[in-house]
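The values are calculated or read from the model by the stated rules, or taken from the named source; none is laboratory data. Worth saying up front: this structure is predicted, and the values here are computed from it rather than measured. Glycine also receives a Cβ, built like all others from the backbone with ideal geometry; neighbour counts cover every protein chain displayed. Note: areas computed on protein heavy atoms with side chains; ligands, DNA, RNA excluded. Shrake-Rupley method; radii C 1.70, N 1.55, O 1.52, S 1.80 Å.
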Amino acid sequence: MKSLRYLLSVSVIFLLFASVAMGAPTASVESPVFDFGSIAQGKHVDHIFVLKNKGDSVLNIGSVSTSCGCTVADVSSRSVPPGKSAEIKVSFNSTNFSGSISKTITVQSNDPKNQAYTLILKGTVIEDISVIPKQLNLGEIKIGAKKDVSITVQNNGKQPVTLTSVKSTMQQVLVKTKKTTVKAGGKAVITVSVTPRSNDRFIGGYLTINTSSPEKPEIVIPVYASAVK
């Protein structure tokens, strides 16, 4: 029995020393959260996270995935020796976003304590011109009856903006606005009138607002409605 206990003790000690001798990789990023501040909608944000191996063996990087297709990430090296670093290059496209955003980048590796290392890209996207609502779902409208709704155009930029044209792809929809120049911080209201025809069952199409803004020269608004007798 004593011999067995002795052998077990020696085996445990051997395994511990072997584990220490083998070491392990340790993934570390000094600043895993990057706040890019405020940017205009449509701008791209490029940033490099430096991933360092603070462990005692080679850090092998597997997949590098992002939380949405708007963000692309690439790694400079898949194998990082102890004490060395790799660059995680990240690019975010703000075209379809507004307000506060937060995107994550997940780095898979053989770090036993953190196999899925999370990086965060965050900030605020400001629309040069915003519209409310962004789409019109008008529900049911009686054939021959007219339904009026409004769209508000907000100029969030620092310069006046001209609404050069407002067009509809649908014959049943008429649009008009009293104000074509919107000062910085100002608003304009577009009136949309929908009148279903006798043979209509469903109305679907787009409103297109063209502006003088280089950041947002065209705004497309989907329009939906059902025609009922």
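Of all the residues that make up segment 75-91, how many are within 17 Å of the chain's Cα centre (by Cα), open to solvent by 60 Å² or more (accessible area, probe 1.4 Å) and not basic (Lys, Arg)?
0
Just to be sure before I move on: is residue 218 crowded, with 18+ Cβ neighbours inside 10 Å, within 24 Å of the chain's Cα centre (by Cα) and not β-branched (Val, Ile, Thr) in the structure I sent?
Details: crowded, with 18+ Cβ neighbours inside 10 Å: no; within 24 Å of the chain's Cα centre (by Cα): yes; not β-branched (Val, Ile, Thr): yes.
Against the criterion (crowded, with 18+ Cβ neighbours inside 10 Å, within 24 Å of the chain's Cα centre (by Cα) and not β-branched (Val, Ile, Thr)), residue 218 does not qualify.
Criterion first (among the basic types (Lys, Arg), on the phi < 0 side of the Ramachandran plot and either modelled with pLDDT of 90 or more or within 28 Å of the chain's Cα centre (by Cα) (or both)) does residue 183 satisfy it?
On the way: among the basic types (Lys, Arg): yes; on the phi < 0 side of the Ramachandran plot: yes; either modelled with pLDDT of 90 or more or within 28 Å of the chain's Cα centre (by Cα) (or both): yes.
When the stated conditions are applied, residue 183 passes them.
Could you list, in sequence order, the residues of segment 51-69 that are loosely packed, with under 14 Cβ neighbours inside 10 Å and touching a residue at least 12 places away in the same chain (Cβ under 8 Å)?
So in segment 51-69, the residues loosely packed, with under 14 Cβ neighbours inside 10 Å come out as 54, 62-63, 65, 68-69.
Within segment 51-69, 54, 62, 63, 65, 68 meet the criteria.
Looking only at segment 144-165, which residues are surrounded by 15 or more Cβ atoms within 10 Å (Cβ to Cβ) and part of a loop (DSSP other than H, G, I, E, B)?
156, 157, listed by residue number.
Which residue out of 181, 152, 211 is touching a residue at least 40 places away in the same chain (Cβ under 8 Å) and hydroxyl-bearing (Ser, Thr, Tyr)?
Details: 181 fails: touching a residue at least 40 places away in the same chain (Cβ under 8 Å); 152 fails: touching a residue at least 40 places away in the same chain (Cβ under 8 Å).
One residue alone meets the criteria, 211.
Residues being over 30 Å from residue 195 (Cα atoms) and in contact (Cβ under 8 Å) with a residue 24 or more places away in the chain: count how many of those fall in segment 109-141.
Here the count works out to 18.
Of the residues in segment 55-82, how many are closer than 13 Å to residue 110 by Cα and of a type in the set (D, E, K, R)?
Here the count works out to 2.
Looking only at segment 151-162, which residues are under 23 Å from residue 39 (Cα atoms) and aliphatic (A, V, I, L, M)?
153, 161, listed by residue number.
Of all residues in segment 166-206, count the ones that are open to solvent by less than 30 Å² (accessible area, probe 1.4 Å) and either among the hydrophobic types (A, V, I, L, M, F, W, C) or not in a loop (DSSP other than H, G, I, E, B) (or both).
Step one: of segment 166-206, the residues open to solvent by less than 30 Å² (accessible area, probe 1.4 Å) are 170, 172-173, 182, 186, 188, 190, 192-194, 196, 200, 203, 205.
Still in the list and also either among the hydrophobic types (A, V, I, L, M, F, W, C) or not in a loop (DSSP other than H, G, I, E, B) (or both): 170, 173, 182, 188, 190, 192-194, 203, 205.
The total comes to 10.
Could you say whether any residue in segment 92-108 is without any contact (Cβ under 8 Å) to a residue 60 or more places away in the chain, open to solvent by less than 20 Å² (accessible area, probe 1.4 Å) and over 30 Å from residue 59 (Cβ atoms)?
Checking segment 92-108: at least one residue is without any contact (Cβ under 8 Å) to a residue 60 or more places away in the chain, open to solvent by less than 20 Å² (accessible area, probe 1.4 Å) and over 30 Å from residue 59 (Cβ atoms).
Just the residues that are more than 15 Å from residue 113 (Cα to Cα), in contact with a strand residue (DSSP E or B) (Cβ under 8 Å, 6 or more places away or on another chain), open to solvent by less than 50 Å² (accessible area, probe 1.4 Å) and not aromatic (Phe, Trp, Tyr), please, taken from segment 27-50.
Selection gives 32, 37, 39, 40, 41, 45, 47.
Residue 115: open to solvent by 40 Å² or more (accessible area, probe 1.4 Å) and within 30 Å of residue 78 (Cβ to Cβ), yes or no?
Yes: the conditions hold for residue 115.
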